[in-house]
Amino acid sequence: MTAAAIETRALRKTYGGTVALDGLDLHVERGEVFGLLGPNGAGKTTAVKLLLGLASPSGGDGQVLGRPLGDREVRRRIGYLPELFRYQAWLTAREVIELHATLAGLPRTGRDAEIHRVLDLAGIASRSRDRTGGFSKGMQQRLGLAVALLGDPELVVLDEPTSALDPVGRDDVRAIIRDARARGSTIVLNSHLLGEVERVCDHVAVVHRGRVLAAGTLAGMLGEPAVRLRVTDLPEERSWLAPFGRLSEDADGWLAIRPLDAARVPDVVAAIVAHGGRVHAVDPGRRSLEDVFLGLVRDAP
């Protein structure tokens, strides 16, 4: 049986009297996109440093790609985009990629094709001969992505990959993440842009004060889809609504139907009107990832 991409148990990290991680438990399956969420100071960056072997744990243990934390050989199988980075301003984008290809030990056979692939994937092939000193933050971010994806690493850790990008750039990054997963990589996405996480991640974990508050599939975290409708003149006999889902009504007169996919909302409205009801408002009742995140963090002890 193949080991999980990441497995940590009661992982701790302290700096003097400051507790950065307090018993972190993570499980990331191979081939998935995993979102690591948390407010500033939650311990996300510390967790990433331990996973990459850039820091040593104060307690607990874990494995990355089947090897113990800190294993040097496993680093060759990991691509990493840090949140804060800077390349030498006098190097061209292609020279940056060539340098990292050499450091990663990529075989010379096929190296040029791989360099072109990642430059093209990141959308900067046309700027490959330009010096990075003239790159905008967004272009630097794209170059960092190209470096992280060089050589099809088994695990790709992306720390705020869309923070400097415009909407077009963020959409490109989503496509890049999906492409990397399709090629077999496991992606760990560390981001505070919850909308981006909601669009690409299979599983998520919410971290706060160095521990996991909740983890699971994105669908499981968000709950079943529902729709709330403000309706008047609705008949008492409502069995005809039963095929759409479970019904409930709150004190303010809102009728909730769950589970109900958004695509069926027009059918519900049409059925209510056909039975003499009047629909004044329709509200998607499913929580957003931001709603879930804020609820968990604010309710945490």
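Please go through the range 140-166 and give me each residue that is within 20 Å of HIS100 (Cβ to Cβ), touching a Lys or Arg at 6+ places or on another chain (Cβ under 7 Å) and not in a strand (DSSP E or B), ordered by number.
If the condition is that a residue be within 20 Å of HIS100 (Cβ to Cβ), touching a Lys or Arg at 6+ places or on another chain (Cβ under 7 Å) and not in a strand (DSSP E or B), then ASP152, PRO153, GLU154, ALA164 are the ones that fit.
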Per-region count, the range 218-253, residues farther than 28 Å from VAL206 by Cβ and hydrophobic (A, V, I, L, M, F, W, C): 9
The one condition in (1) outside any helix (DSSP H, G or I); (2) modelled with pLDDT of 90 or more; (3) closer than 30 Å to LEU99 by Cα; (4) in the same structural domain as LEU36 (by TED's automatic domain parsing) that GLY123 fails to fulfil: (4)
Does the range 266-285 contain at least one residue that is in contact with a Phe, Trp or Tyr (Cβ under 9 Å, 6 or more places away or on another chain), closer than 11 Å to VAL227 by Cα and among the charged types (D, E, K, R)? yes
Take residues that are surrounded by 14 or more Cβ atoms within 10 Å (Cβ to Cβ) and tell me which of the strands (runs of 3 or more DSSP E) falling wholly in the range 200-301 contain 2 or more. 203-208, 211-217, 227-232, 254-258, 278-284
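Based on this model, can you work out whether VAL173 counts as assigned to a strand (DSSP E or B), on the phi < 0 side of the Ramachandran plot, assigned by TED's automatic domain parsing to the domain that holds LEU81 and of a type in the set (Val, Ile, Thr)?
No, not satisfied.
The values are calculated or read from the model by the stated rules, or taken from the named source; none is laboratory data. What you see is a predicted model; the values in this text were computed from it and never measured. Glycine also receives a Cβ, built like all others from the backbone with ideal geometry; neighbour counts cover every protein chain displayed.
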